[in-house]
1. Considering each of Y71, Y22, Y33 in turn, give the residue that is in a helix (DSSP H, G or I) and over 26 Å from S144 (Cβ atoms).
2. Out of the stretch 133-147, which residues are exposed (fewer than 15 other Cβ atoms within 10 Å of the Cβ) and under 24 Å from V76 (Cβ atoms)?
3. Give the residues of the stretch 1-48 that are surrounded by 13 or more Cβ atoms within 10 Å (Cβ to Cβ) and of a type in the set (V, I, T), sorted by residue number.
4. In the stretch 119-156, what count of residues is obtained for those that are touching a residue at least 12 places away in the same chain (Cβ under 8 Å) and among the small types (G, A, S)?
5. Exactly one of (1) touching a residue at least 60 places away in the same chain (Cβ under 8 Å); (2) surrounded by fewer than 16 Cβ atoms within 10 Å (Cβ to Cβ); (3) not aromatic (F, W, Y) is unmet by L58. Its number?
6. Does K64 satisfy the condition of being within 20 Å of F136 (Cβ to Cβ) and either at pLDDT below 95 or assigned to a helix (DSSP H, G or I) (or both)?
7. Looking at (1) surrounded by 13 or more Cβ atoms within 10 Å (Cβ to Cβ); (2) within 17 Å of N151 (Cα to Cα); (3) at pLDDT 95 or above, which one does R94 not meet, given that it meets all the others?
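The values are calculated or read from the model by the stated rules, or taken from the named source; none is laboratory data. Remember, it's a predicted structure, so these values are computed and weren't measured experimentally. All Cβ positions, even for glycine, are placed from backbone atoms using ideal geometry, and neighbour counts span all protein chains on display.
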Amino acid sequence: MTDTDRNSILDAIYVLNDIFDYLVAGTMVFDRYQMKYESGEFSQPGIVAVQKMCVSHLILGLSKLVEFWEYYHHLVPDELRPEVKATVSKLRSRDLKHFRNTVVAHIWDKKLKRTRSQFEAIDQLNRISDDNPKAFLSWLNNPSGNVYPKNLVSIVETLRDRLREEHNISAEEVFNR
C-alpha cells in the first residue's frame, strides 16, 4: 500500500469518526433534553431550541455520510457495501441535501426565491423522518441496541472498525495524524 492509499484510508476513518460523533451526540442530547422537558425541568422555548440544534447537527452528519459515499465508496469492503449503499440511497431519497441547503446551512431556497416557512421546514423534516421522528432517531442511534445493520450508528461503526482492522490502523494513528 502506498502512502497515498494509507492517507486516503486514514481520511475515510476520520470522516467516519466524525459522522459517528454527529449521530451519537445529536441523538443523545435530543433524548436527554426531551426527558428534562417531559419532567418539567425544561421550558417550551428551551426544548424547541435544543431540538433545532440537534436536528441541524444530525442533518449535517447524515449529509456527510452521503458525501462519504461519493468520495470513499471504493474503500467500503464488499461485505458491507450493500448495506452502506442502501442506507445512502435511503437518505438521498428523503431529499436530505435540500433540507440542509435551505434550512440548516442557509436561509434561502433558490427554487422558491425566499426563506422557507417554519411549516415548510417541519413538513420536510417529517418526510426525512418518514413521519415518525421517534423511530427515525432510534434508527439513527439506539444505545440499548446498536446492532449491525439495524441502525445507522452500527453501520458507521462497523465500517470504521472494519477499515481499521483490514489496514492495521489504530485509533491513535487516526487521532494523531
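1. The unique qualifying residue is Y71.
2. G145, V147
3. Passing the criteria: I9, I13, V15, I19, V24, T27, V29, I47.
4. The number of residues fulfilling the criteria is 2.
5. Evaluating L58 over (1) touching a residue at least 60 places away in the same chain (Cβ under 8 Å); (2) surrounded by fewer than 16 Cβ atoms within 10 Å (Cβ to Cβ); (3) not aromatic (F, W, Y) leaves (2) as the failure.
6. Criteria met by K64.
7. (3)
Yes or no, residue by residue, for (1) β-branched (V, I, T); (2) at pLDDT 95 or above; (3) surrounded by 12 or more Cβ atoms within 10 Å (Cβ to Cβ):
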site: F68; (1), (2), (3): no, yes, yes
site: H74; (1), (2), (3): no, yes, no
site: D131; (1), (2), (3): no, no, no
site: S154; (1), (2), (3): no, yes, yes
